[in-house]
1. So the check is Cβ under 6 Å with 6+ separation or different chains; which pairs have a first residue in region 123-134 that's surrounded by fewer than 18 Cβ atoms within 10 Å (Cβ to Cβ) and a second one that's part of a loop (DSSP other than H, G, I, E, B) and not β-branched (Val, Ile, Thr)?
2. On the basis of being closer than 17 Å to Leu59 by Cβ and either in a loop (DSSP other than H, G, I, E, B) or among the hydrophobic types (A, V, I, L, M, F, W, C) (or both), does Ala99 make the cut?
3. May I ask you to list the residues in region 2-17 that are surrounded by 14 or more Cβ atoms within 10 Å (Cβ to Cβ) and either in contact with a Lys or Arg (Cβ under 6 Å, 6 or more places away or on another chain) or not small (Gly, Ala, Ser) (or both)?
4. Take Arg43 and tell me if it is under 25 Å from the mean Cα position of the chain (by Cα), of a type outside the set (A, V, I, L, M) and within 30 Å of His141 (Cβ to Cβ).
5. When you scan region 33-56, do you find a residue that is under 21 Å from Phe119 (Cβ atoms) and free of Cβ contacts under 8 Å to residues at least 24 places away in the same chain, even just one?
6. Under 7 Å between Cβ atoms, at least 6 apart or on separate chains: pull out the pairs that start in region 89-103 with a residue that is aliphatic (A, V, I, L, M) and end on any residue that is in a loop (DSSP other than H, G, I, E, B).
7. Output the residues belonging to region 28-50 that are farther than 18 Å from Val147 by Cβ, of a type in the set (A, V, I, L, M, F, W, C) and not in a loop (DSSP other than H, G, I, E, B).
8. Among Val151, Val137, which is surrounded by fewer than 12 Cβ atoms within 10 Å (Cβ to Cβ) and modelled with pLDDT of 95 or more?
Amino acid sequence: MDELDSAIVEQLQRDGRQTNRDLARRLGVAPSTCLERVRLLRRRGVIRGFTAQVDLGALGRHVQALVAVQVRPLSSKVINDFHDSVTGLPEVLAVFLLAGGDDLVVHVAVHDVEHLRAFLLDRFSQRREIVSFRTSVVFQHSANTVVTPAVPSPGPSRVGHRPDWTVS
């Protein structure tokens, strides 16, 4: 990705509904150049689509929670089956596969705490592959809506770098 591609991606994340003409004008390029670059970005999978950001509260989903899940036996089939079954649930916003103590985190949005309790009892506590789950209610959720490309830092690699402090 070059600077123009990065600028196009940034602008479209800020306003995905702007016209190609407006986007080209903002970036100082010809509309035909802009259109071709957007098409290439979509073809390469950099731009995967355009979506509307919604207010969960306005949709009656006032309570969000993160549910950390441990499954057993720990196998690709068990994890994939669980993942596939929960991603289709209307309460589920996202599912994250993790390394570490928990195997997955499920981000849910429901009407109220009573619906959260019912969701957990109906959808999680009855599943044989779940050995434990912990729920954290989200009080506030903020997200970066504009993501820029990662740029490798100049200089020597930091892999294996020890911090400047030591513990005795």
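The values are calculated or read from the model by the stated rules, or taken from the named source; none is laboratory data. Being a predicted model, the structure only gives us computed values, none of them experimental. Positions of Cβ are backbone-derived with ideal geometry, glycine not excepted, and every protein chain shown enters the neighbour counts.
1. Between residues of region 123-134 that are surrounded by fewer than 18 Cβ atoms within 10 Å (Cβ to Cβ) and residues that are part of a loop (DSSP other than H, G, I, E, B) and not β-branched (Val, Ile, Thr), the close pairs are Val131/Arg72.
2. no
3. Once the filter is applied, which keeps residues that are surrounded by 14 or more Cβ atoms within 10 Å (Cβ to Cβ) and either in contact with a Lys or Arg (Cβ under 6 Å, 6 or more places away or on another chain) or not small (Gly, Ala, Ser) (or both), region 2-17 yields Leu4, Asp5, Ile8, Val9, Glu10, Gln11, Leu12, Gln13.
4. Working: under 25 Å from the mean Cα position of the chain (by Cα): yes; of a type outside the set (A, V, I, L, M): yes; within 30 Å of His141 (Cβ to Cβ): no.
Here the answer is no, as Arg43 does not meet what is asked.
5. yes
6. none
7. Listed by number, the residues that qualify are Cys34, Leu35, Leu40.
8. Val137
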